[in-house]
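The structure appears right after this line, and notes come after that.
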Amino acid sequence: MPSRKFADGEVVMGRWPGSVLYYEVQVTSYDDVAHLYTVKYKDGTELALKESDIRSQSSFKHRKSQSSSSSPSRRSSSRSRSRSRSPGRPAKGRRRSASQSREHKDDKKKIVQETSLALAVLVLFKPSENNTKRYNGEPESTEKNDTSCIILEQKLKPDLEIKRVLEQYSLRSRKDDKKTEEIFSEKKTFVAVKPIEKVPSKTKELEFGGRIGTFMLIFFLPATVFYLLLMCKQDDPSLLNFPPLPALESLWEWRVFGVFLLWFFLQAMFYLLPIGKVVEGLPLSNGRKLQYRINGFYAFILTAAAIGVLLYFQFELHYLYDHFVQFAVSAAAFSLALSIYLYVRSLRAPEEELAPSGNSGYFIYDFFIGHELNPRIGSFDLKYFCELRPGLIGWVVINLAMLLAEMKIHNLSMPSLSMILVNSFQLLYVVDALWNEEAVLTTMDITHDGFGFMLAFGDLVWVPFVYSLQAFYLVGHPTTITWPVAAAITVLNCVGYYIFRSANSQKNNFRRNPADPKLANLKFIPTATGKGLLVTGWWGYVRHPNYLGDIIMALAWSLPCGFNHILPYFYVIYFICLLVHREARDEHHCKQKYGLAWERYCQRVPYRIFPYIY
């Protein structure tokens, strides 16, 4: 087991991958398994380097002093030898020295040209890296478009071919050629080991209050769900009017649990159907890309057909309303069992398949956040399936059941205008998510967070039973609104949806193809990862315009419930807190990932979610 040479926090000189240039870096950590150092450059870029690519600062200073002290002596000795030559040889000696000096000048010229060409290639072919000017903080235009970078690459390809031919037939010494081969061999070696550079390390920064906070959330989240549902059942759902606790035996019914299991496995069957396209996700830490089948919208259509058949045969769908709390208990029990299974199987998962956020080594924290990033049974991706299918589609089915329950309980020939608005707005939101299902592959839930209790409970319990709170509230507390008020609320929801969808589409199209001519008007700041940070369009107003649209829609969903109680506004209050917290997580993650480029982006776009407010 080789011992490490450089300590954490030590300032050393690190070679930039694929080049012979060294920059000042700071060692942040060391991986004992892969024998790689994680170093941080001045602009905030973090890379994993081998020990052979790192040198101490003293070695660079020592070499510089040696060369400066030795070169004058060599020059003085050569001059003394030339003076001691016999008078019969000076002409010949002068001719030889003149030819040697010309060759020496030509060699120096070639070296300067090759060095400048190498630097040009490093700058132009690596738009993801900051050049020397940016390290020194010199002014430079940072807003670019990927199309110009692609054109430059195409123009430079013939020059590189000419350079290779000139190198093949050059008159340099074999010693220089050998050095060149060593440099190219180093580049090939780096490319070969590149996929295994980013080995997941231990999670150092704990979120959600660490071990104590996550332990409390495991009990607080289910308690919050049951409190909200019991409050909606009361005639006076005031905050000070605490609901009476029901008997424990009344909270569980095996038939209800069987219906929930039937629903879950029905959606799993729809997920496995060979319909819809198959796409690749973002690269994992080992360079591999997982494949996902995009058929969520087809699953929604099949579910709607199945519900239509049940209603045709006069199945009482308001059964969901009568046993709503029992369904929530069944879903919570299933999510807890699923979380235990996920953690147990993650203990045998390879190191590179663990989540970067849930690999702390603490049982409670990793159980809550999720230890494994993409748990799969064969090709069945458990996290991706639960993200959009049983909970999100179940949300729409629950809303429909509440609509039918309202008509039956209040003897209505048609649902109230408030119930129609809530069902319509939330149906649009769910259909949009399923239609744009591929966009979820770039979210933090899929790329960063593991699959543990947080996402399992959130997808299977919190989304269907808390997000449908407005419809559940309207069944027991009918609210009448006028058509002008309904029209104003509809306009508000449309504005929020337009901001949400156009911002997300702009971001997704730019990620998919930055060189698209349709996006030529968009400006961005290049980063050290190769991605760009948009500074025009919606993303030039605030850093998270999609969050702004989400909050406006959440307010529109609550307004049809009136202002008699604050309970139906729990969703919009919770959603603001959720998105502010998620924005803080994004801010911290992007600052570590993009470094100096993120600071420039924050200066360019100072507002986070609300323009001129926050």
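The values are calculated or read from the model by the stated rules, or taken from the named source; none is laboratory data. Quick caveat: nothing in here was measured; it's all calculated off a predicted structure. Backbone-built Cβ (ideal geometry, glycine too); neighbour counts: all protein chains shown. SASA here: full protein model, heavy atoms, side chains in, ligands and nucleic acids out. Shrake-Rupley method; radii C 1.70, N 1.55, O 1.52, S 1.80 Å.
State all residues of the stretch 319-361 that are part of a helix (DSSP H, G or I) and touching a strand residue (DSSP E or B) at 6+ places or on another chain (Cβ under 9 Å); if no residue qualifies, say none.
Filtering the stretch 319-361 down to residues part of a helix (DSSP H, G or I) leaves 319-322, 324-346, 351-353.
Of everything in the stretch 319-361, those that are part of a helix (DSSP H, G or I) and touching a strand residue (DSSP E or B) at 6+ places or on another chain (Cβ under 9 Å) turn out to be Leu342, Tyr343, Arg345, Ser346, Glu353.
Which residues, counting only those in the stretch 6-27, are within 10 Å of Tyr41 (Cα to Cα) and not in a strand (DSSP E or B)? Trp16, the sole residue that qualifies. Taken together, Leu555, Leu548, Leu579 contain a single residue that is under 18 Å from Gly496 (Cα atoms), part of a helix (DSSP H, G or I) and open to solvent by 60 Å² or more (accessible area, probe 1.4 Å), which is Leu555. Would it be correct to say that Trp462 is hydrophobic (A, V, I, L, M, F, W, C) and either under 30 Å from Asn411 (Cα atoms) or open to solvent by less than 50 Å² (accessible area, probe 1.4 Å) (or both)? In short, yes. Only residues that are polar (S, T, N, Q) and either touching a Pro at 6+ places or on another chain (Cβ under 7 Å) or without any contact (Cβ under 8 Å) to a residue 24 or more places away in the chain (or both) were counted across the stretch 352-372, and they come to 1.
Is it true that some residue in the stretch 343-351 is surrounded by fewer than 21 Cβ atoms within 10 Å (Cβ to Cβ), basic (Lys, Arg), in contact with a Pro (Cβ under 9 Å, 6 or more places away or on another chain) and farther than 30 Å from Thr482 by Cα? The answer is yes; a qualifying residue exists. Residue check: Ser418 meets all listed conditions (1) part of a helix (DSSP H, G or I); (2) open to solvent by 10 Å² or more (accessible area, probe 1.4 Å); (3) out of contact with any His (no Cβ under 7 Å at 6 or more places or on another chain) but one, namely (2). So for the stretch 241-250 (the condition being farther than 28 Å from Asn564 by Cβ and of a type in the set (A, V, I, L, M, F, W, C)), does at least one residue qualify? So far as the stretch 241-250 goes, yes, one or more of its residues are farther than 28 Å from Asn564 by Cβ and of a type in the set (A, V, I, L, M, F, W, C). In this structure, Gly394 does not satisfy being small (Gly, Ala, Ser), within 19 Å of Thr214 (Cβ to Cβ) and surrounded by 23 or more Cβ atoms within 10 Å (Cβ to Cβ). Mind counting the residues in the stretch 459-501 that are free of Cβ contacts under 8 Å to residues at least 12 places away in the same chain and within 31 Å of the chain's Cα centre (by Cα)? Total meeting the criteria: 1.
Does Leu373 satisfy the condition of being hydrophobic (A, V, I, L, M, F, W, C), closer than 25 Å to Gly296 by Cα and at pLDDT 95 or above?
No.
For every residue, the table says whether it meets (1) assigned to a helix (DSSP H, G or I); (2) assigned by the TED database to the domain that holds Gly358; (3) at pLDDT 95 or above.
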residue	(1), (2), (3)
Tyr429	yes, yes, no
Asp432	yes, yes, no
Ala439	yes, yes, no
Ile446	yes, yes, no
Phe451	no, yes, no
Phe457	yes, yes, yes
Leu460	yes, yes, yes
Ala488	yes, no, yes
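Evaluation of Val535 against the conditions (1) aliphatic (A, V, I, L, M); (2) at pLDDT below 80; (3) open to solvent by 40 Å² or more (accessible area, probe 1.4 Å) shows that the sole unmet condition is (3). Among residues of the stretch 273-318 being without any contact (Cβ under 8 Å) to a residue 12 or more places away in the chain and in a helix (DSSP H, G or I), the one that is most open to solvent (accessible area, probe 1.4 Å) is Tyr312.
Within the stretch 238-272, count every residue that is polar (S, T, N, Q), surrounded by fewer than 16 Cβ atoms within 10 Å (Cβ to Cβ) and either assigned to a helix (DSSP H, G or I) or outside the structural domain of Phe297 (by the TED database) (or both).
Number satisfying all stated conditions: 1.
Residue check: Gln326 meets all listed conditions (1) in contact with a helix residue (DSSP H, G or I) (Cβ under 6 Å, 6 or more places away or on another chain); (2) polar (S, T, N, Q); (3) closer than 27 Å to Glu438 by Cα; (4) open to solvent by 10 Å² or more (accessible area, probe 1.4 Å) but one, namely (3).
Here Tyr497 clears all of (1) assigned by the TED database to the domain that holds Leu373; (2) open to solvent by 40 Å² or more (accessible area, probe 1.4 Å); (3) not small (Gly, Ala, Ser) except the condition numbered (1). On the stretch given as the stretch 600-614, residues that are in contact (Cβ under 8 Å) with a residue 12 or more places away in the chain and in a helix (DSSP H, G or I) total 4.
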